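One structure is given here, and the rest of the page talks about it.
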Amino acid sequence: MFSKNERKFLKSQSLARIATASHGGEPDVAPVGFEFDGEHFYVGGLDLQNTLKYKNALANPRAAIVFDDLQSTDPWTPRGIKIRGAADIVERQGGVRHKAVYSYQARDKMDLGHR
C-alpha cells in the first residue's frame, strides 16, 4: 500500500511517463495523463488503439510508470515514484483504458520529502 505521503504526492501529479516494450523488446516511453483509484493506474489517450503503448501492452505486459517532479531547484530536490509491473487493457467508463498494474515489490521512490 502507498503511504499517506505517497498518495498525496500521486494526487498532486497530472502527468506521468509510461514505459512499455514490444514483443521483440523495442522500448517506448510516453508522457501520459492518468487516473489512480488507490489500487491501479489508468492511462488513456486519443486514438488509444493506434498508440505504441497500447500495442505494446497487448504484445508484452511488462511496463513501468514514473511520477516525478522537482520540489525545488535550489537546493536540487527531485522526488518521485517508479513502479514496475504488468500492463493490461481494460474497458473503463465507456472507453478502453490502458491499465498499468503496479507491483509493490518493484517500487522505487526518490525522496518525497517530509516537509
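The values are calculated or read from the model by the stated rules, or taken from the named source; none is laboratory data. What you are looking at is a predicted structure, and each value in this text was computed from that prediction instead of being measured. Glycine gets a Cβ as well: all are built from the backbone with ideal geometry, and neighbour counts include every protein chain shown.
Of everything in the range 12-22, what is within 21 Å of R79 (Cα to Cα) and surrounded by 10 or more Cβ atoms within 10 Å (Cβ to Cβ)? Give them in sequence order. Give the derivation first.
Step one: filter the range 12-22 for residues within 21 Å of R79 (Cα to Cα), giving 12-19.
Across the range 12-22, the qualifying residues are Q13, L15, A16, R17, I18, A19.
Looking for something among the acidic types (D, E) and in contact with a strand residue (DSSP E or B) (Cβ under 7 Å, 6 or more places away or on another chain) - is there at least one such residue anywhere in the range 18-29?
Yes, the range 18-29 contains at least one residue that is among the acidic types (D, E) and in contact with a strand residue (DSSP E or B) (Cβ under 7 Å, 6 or more places away or on another chain).
How many residues does the range 23-38 contain that are assigned to a loop (DSSP other than H, G, I, E, B) and loosely packed, with under 10 Cβ neighbours inside 10 Å?
The total comes to 4.
Could you list all residues from the range 26-41 that are modelled with pLDDT under 85 and closer than 14 Å to A87 by Cα?
Passing the criteria: E39, H40.
Between residues in the range 34-47 that are over 15 Å from D88 (Cβ atoms) and residues that are crowded, with 17+ Cβ neighbours inside 10 Å and of a type in the set (S, T, Y), which pairs lie under 8 Å by C-beta distance while being six or more apart or on different chains?
So the pair list comes out as F36/Y42; G45/T51; G45/Y54.
Quick one: in the range 39-65, of everything that is surrounded by fewer than 19 Cβ atoms within 10 Å (Cβ to Cβ) and touching a Lys or Arg at 6+ places or on another chain (Cβ under 9 Å), which residue is nearest to N5 (Cα to Cα)?
H40
Return the pair list, or none, for Cβ contacts closer than 9 Å from residues in the range 61-77 that are at negative phi and in a strand (DSSP E or B) to residues that are among the small types (G, A, S) and exposed (fewer than 14 other Cβ atoms within 10 Å of the Cβ), at least 6 apart or on different chains.
That search, which allows pairs on different chains as well, returns A64/A106; D69/S12; Q71/G113; T77/G113.
Looking at (1) in contact with a Ser or Thr (Cβ under 9 Å, 6 or more places away or on another chain); (2) at pLDDT 90 or above, find the lone condition where L112 falls short.
For L112, the exception is condition (2).
Name the residues in the range 43-56 that are at pLDDT 85 or above and under 13 Å from the mean Cα position of the chain (by Cα), would you?
V43, K53
Table: residues versus (1) more than 18 Å from P27 (Cα to Cα); (2) at pLDDT 90 or above; (3) out of contact with any Gly (no Cβ under 9 Å at 6 or more places or on another chain); (4) among the charged types (D, E, K, R).
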| residue | (1), (2), (3), (4) |
| --- | --- |
| D68 | yes, yes, no, yes |
| P75 | yes, yes, yes, no |
| A86 | no, no, yes, no |
| A106 | yes, no, no, no |
